Amino acid sequence: MSIYSISNWAAGTYVLNDIVRYPSNSSIYYYSLTDANTDTPPSAKWGGVSSINGVTKPSFIWKPNYSVTAKHQPKTTQIGFGDGYLQRVVQNINNDLLELELSFELRKEKESQAINHFLYARKAQESFLFTPSSPHDLQKLFICLSWTDTYVFYGNHLIRAMFQEVPV
């Protein structure tokens, strides 16, 4: 299956990480969460869409490996006074947005296709929901500015992605 041409949902059997569009001809995609997903339009057995503050958003459902790097870079302005005294003032309301470096190692073909499709469909422009691991385990909005997919060997992909938190 190509990440560029996704079928509309139709009654039938779907397996883990199958991708469908529902309703037909929309830009809403669902990803099967089980290996025996039959005859049920996207519902609890499907992932990829969630709501925050009453707004429906795409939802990144795959769990990264434990090698997560979280970068913080609070933005402040320094004001210098006499005798070397410095005062630091916080810039803006959202001055410390989270930046995550994620790895998805040893992923099979179907899961790799689903992850790549999800990121490709957002085109580094549309925000999506994601819940990072502890200690940052709160659902937030992110964008993915870049990712790489390394075909390690048959049935084994390595995906590295950079998620950047965006204000609500």
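The values are calculated or read from the model by the stated rules, or taken from the named source; none is laboratory data. It should be emphasised that the depicted structure is a prediction, and the values quoted were computed from it without experimental measurement. Every residue, glycine as well, gets a Cβ built from its backbone with ideal geometry; the counts of neighbours run over all protein chains shown. Only protein heavy atoms, including side chains, enter the accessible area calculation; ligands, DNA and RNA are left aside. Shrake-Rupley method; radii C 1.70, N 1.55, O 1.52, S 1.80 Å.
Identify the single condition in (1) more than 22 Å from R21 (Cβ to Cβ); (2) in contact with a Gly (Cβ under 9 Å, 6 or more places away or on another chain); (3) crowded, with 16+ Cβ neighbours inside 10 Å that Q87 does not satisfy, given that it satisfies every other one.
With (1) more than 22 Å from R21 (Cβ to Cβ); (2) in contact with a Gly (Cβ under 9 Å, 6 or more places away or on another chain); (3) crowded, with 16+ Cβ neighbours inside 10 Å applied to Q87, the lone miss is (3).
If you go through the stretch 69-81 one residue at a time, do you hit one that is in contact with a strand residue (DSSP E or B) (Cβ under 8 Å, 6 or more places away or on another chain), closer than 30 Å to L106 by Cα and open to solvent by less than 50 Å² (accessible area, probe 1.4 Å)?
yes
So, of the residues in the stretch 97-138 that are over 11 Å from the mean Cα position of the chain (by Cα), closer than 23 Å to N53 by Cα and polar (S, T, N, Q), which turns out to be surrounded by the most Cβ atoms within 10 Å (Cβ to Cβ)?
That would be S133.
Does the stretch 11-33 include one or more residues that are farther than 24 Å from W147 by Cα, assigned to a strand (DSSP E or B) and without any contact (Cβ under 8 Å) to a residue 24 or more places away in the chain? Spell out the reasoning first.
Going through the stretch 11-33, the residues farther than 24 Å from W147 by Cα turn out to be 11-15, 22-26.
Filter once more, keeping what is assigned to a strand (DSSP E or B): 13-14.
Okay, now just the ones that are also without any contact (Cβ under 8 Å) to a residue 24 or more places away in the chain, so none.
Scanning the stretch 11-33 turns up no residue that is farther than 24 Å from W147 by Cα, assigned to a strand (DSSP E or B) and without any contact (Cβ under 8 Å) to a residue 24 or more places away in the chain.
Could you pull out the residue among N94, N37 that is touching a residue at least 60 places away in the same chain (Cβ under 8 Å) and surrounded by 11 or more Cβ atoms within 10 Å (Cβ to Cβ)? Step through it out loud before you land on a result.
Values: N37 fails: touching a residue at least 60 places away in the same chain (Cβ under 8 Å).
Step by step, each of N94, N37 is checked, and only N94 is touching a residue at least 60 places away in the same chain (Cβ under 8 Å) and surrounded by 11 or more Cβ atoms within 10 Å (Cβ to Cβ).
Can you confirm whether N92 is over 18 Å from A161 (Cβ atoms) and out of contact with any strand residue (DSSP E or B) (no Cβ under 9 Å at 6 or more places or on another chain)?
Details: over 18 Å from A161 (Cβ atoms): yes; out of contact with any strand residue (DSSP E or B) (no Cβ under 9 Å at 6 or more places or on another chain): yes.
Yes: the conditions hold for N92.
Among the residues of the stretch 40-56, write down those that are modelled with pLDDT of 90 or more and open to solvent by less than 40 Å² (accessible area, probe 1.4 Å).
Quick first cut of the stretch 40-56, residues modelled with pLDDT of 90 or more only: 46-50.
Within the stretch 40-56, W46, G47, G48, S50 meet the criteria.
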